[in-house]
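Below you'll find the structure, written out as structure tokens, and then a few comments.
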Amino acid sequence: MNIAIFTPNQNPYSETFIQAHKNHLKGKVFYYYGSDAHIQLEGQQRLMPLYRYKFLRVYAKLFRKPSSYLWQQRVLYSLKANNIETVLVEYGTHAHDLKDMLRASGLPVAVHFHGYDASIDGVIKKCGNYKEVFAIAKKIIVVSKVMAHRLLALGCPEDKLVYNVYGPNPDFETVVPRFTKKQFVAIGRFTDKKAPYYTIMAFKEVLERHPDARLLMAGDGALLNMCKNLVKQYHITEHVHFLGVVTPEQYRSLLAESLAFVQHSITADTGDMEGTPLAVLEASAAGLPVISTIHAGIPDVIVHGETGLLCEEHDVEAMSKHMMMLLDDLELAKSMGANGKRHIKAHFSLKRHIDSLQDILYS
């Protein structure tokens, strides 16, 4: 089967789940990236021959076609030329932007929601509560139970909704944690919904009892500088290290030497929420206990007291106690990590995720 994947950006470092779709779906995948007139097909210079495009420009001008006419015709031509049989659109917002073209294509469409697109009130309103997207799509894919409830409340037909959590790259299952360092690792964008400052605040209290502990924070984002300033203000620069963007290989190395993964996800003032953070799945698959919050899809994949420790959003004190609990009891950390590795492999593998997605696209 020839599958077209549409995504607003090409290969962003934080969207490895989209790369998994691109690289692991069976059949021939055509990867379209960009928005509106900037849509491109990876590996091809043009969506349609230049002579045809010039003709359509004259035609559009003569008959006063809307500004969207040209880019939609370019994409439709490419879909037909490449014998596309089914379409996967990443993000509900992108599907809304492409809705007229998708409708005109007549192809079966699956729309994959990921997080902000199903949670930010302003975004949802701008997209007309996704009424047209729900009508166009054959299937609507969500990655958390909270997200499923939200879209059902917006009017998504229940028979179109599919719950399909991401799966971590199998390479993370090969990690063997050594638990040799009193070290916590956090990886993700420095954004409101990940509240990295709460992780720092919780870790500051940990240092009162464990002054030799360390926190490694990887990623980039709008709150990075603020978090660096907070660490300076607390005088804990020797204990908190900012690593910048790391590769999956580097992340696995960090997991192998750390005690636990930490992330204090919250619902931002805008309503922005996680889907199910892939970094959480990867850490658990690697065999590390996860210290996080009862937020979005996190409790769907982390079992409190068995594979990790979860607290309410904004409860910095509880997160701090959970960090100290594992520092005080290394065997508990090892046991939770081992439970997590088994749990993810049994219920949330990448193969299960891709097989489910494959069935959706082929049905």
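The relative contact order of segment 294-363, computed from alpha carbon pairs under 8 Å that lie at least 6 residues apart in sequence, is 31 percent.
What you get for segment 17-99, charging only the Cβ of Lys and Arg (+1) and of Asp and Glu (-1), is a dipole of about 480 debye around the Cα centre. Counted over the chain, the DSSP beta bridges are approximately 5% antiparallel. May I ask for log10 I(q)/I(0) of segment 1-60 at q = 0.13 Å⁻¹, from a Debye sum over the Cα atoms as equal point scatterers with solvent left out? Values, matching the q order: -0.43.
The alpha carbon radius of gyration of segment 184-250, expressed as a multiple of 2.2 N^0.38 Å, is 1.05. At q = 0.12 Å⁻¹, what is the base-10 log of I(q)/I(0) for segment 97-221 according to the Debye formula with one equal point scatterer per Cα and no solvent? Please give it to two decimals. Treating every Cα as an identical point scatterer, log10 I(q)/I(0) equals -0.68. Each 5 Å bin from 0 upward holds the following percent of the Cα-Cα pairs of segment 221-265: 5, 16, 21, 27, 22, 9, 1.
Distance between the 7 Å Cα→Cβ label points at residue 1 and residue 209: 5.2 nm. Amide H contacts of residue 30: 3, 4, 5, each under 5 Å away and 5 or more positions distant or on a separate chain (H built 1.01 Å from N in the peptide plane; Pro and chain starts excluded). Less than 5 angstrom separates the built amide H of residue 246 from those of 219, all sequence-distant by 5 or more or on a different chain. For the chain, the solvent-accessible area of protein heavy atoms averages 45 Å² per residue (probe radius 1.4 Å; ligands and nucleic acids excluded). Global dimensions of segment 250-363 from alpha-carbon coordinates: Rg and Dmax equal 14.8, 51 Å. The residue among 268, 185, 230 whose Cα reaches farthest toward the positive pole of the charge dipole of the chain, with charges on the beta-carbon of Lys, Arg, Asp and Glu, is 268. Proximity of backbone amide H atoms, modeled 1.01 Å from N, is registered between residue 264 and 199 at under 5 Å, excluding neighbours fewer than 5 places apart on the same chain.
For segment 110-178, the extents of the C-alpha atoms along the principal axes are 49, 25, 16 Å, listed from largest to smallest. Couplings 3J(HN,Hα) of segment 342-352, computed from phi: 5, 5, 5, 4, 7, 10, 9, 6, 5, 4, 4 Hz, in residue order, whole Hz [Karplus 6.51 cos²θ - 1.76 cosθ + 1.60, θ = phi - 60°; x for Gly and Pro]. Taking θ as phi - 60° and the Karplus parameters 6.51, -1.76 and 1.60, the scalar couplings of segment 36-47 work out to 6, 5, 9, 5, 10, 10, 4, x, 10, 6, 9, 7 Hz in sequence order, x denoting glycine and proline.
Beyond 17 Å, the tail of the calculated P(r) for segment 149-226 holds 67 percent of the Cα pairs. Computed from the alpha carbon atoms alone, the convex hull of segment 1-152 holds 118 Å³ per residue. Among the chymotrypsin sites (Phe, Trp or Tyr not before Pro) found in segment 29-118, those both in a DSSP coil and sparsely packed, with 16 or fewer other Cβ atoms within 10 Å of their Cβ, are 63.
Think of the chain as a dipole: +1 on every Lys or Arg Cβ, -1 on every Asp or Glu Cβ, centred on the Cα centre; then among 335, 101, 154, 101 lies furthest on the positive end.
Take every pair of alpha-carbon atoms less than 8 Å apart whose residues are at least six positions apart; their mean separation over the length of the chain yields a relative contact order of 16 percent. Per-residue accessible area (protein heavy atoms, 1.4 Å probe) orders 226, 101 as 226, 101, starting from the largest. Label separation (residue 331 vs residue 181): 2.6 nm, computed from points 7 Å beyond Cα along the C-beta direction. Against the main long axis of the alpha-carbon atoms of the chain, helix 69-81 sits at an angle near 90°.
Say the cut-off is 25 Å between C-alpha atoms; which of 22/228; 22/160; 232/321; 160/194; 228/334 go over it? Long pairs (Cα-Cα over 25 Å): 22/228; 160/194; 228/334. Calculate, in whole percent, how much of the Cα-Cα pair population of the chain lies beyond 31 Å. When every Cα pair of the chain is considered, 39 percent fall beyond 31 Å. Backbone phi angles across segment 187-199, fed through the Karplus curve with coefficients 6.51, -1.76 and 1.60 (θ = phi - 60°), yield HN-Hα couplings of 9, x, 5, 7, 10, 4, 6, 8, 6, x, 5, 5, 4 Hz in residue order; Gly and Pro are listed as x. Over 32 Å between Cα atoms, which of 138/345; 54/138; 139/341; 28/131; 26/65 qualify? Correct reply: 54/138; 26/65. With the convex hull drawn around the C-alpha atoms of segment 315-363, the volume per residue stands at 89 Å³. Our note on the geometry: Cα centres of segment 341-362 and segment 260-274, 24 Å apart.
The values are calculated or read from the model by the stated rules, or taken from the named source; none is laboratory data. Not measured: the values here are computed from a predicted model. Don't worry about glycine lacking a Cβ; one is built from the backbone with ideal geometry, like all the others, and counts go over all protein chains shown. Side chains included, ligands, DNA and RNA excluded: accessible areas come from the protein's heavy atoms. Shrake-Rupley method; radii C 1.70, N 1.55, O 1.52, S 1.80 Å.
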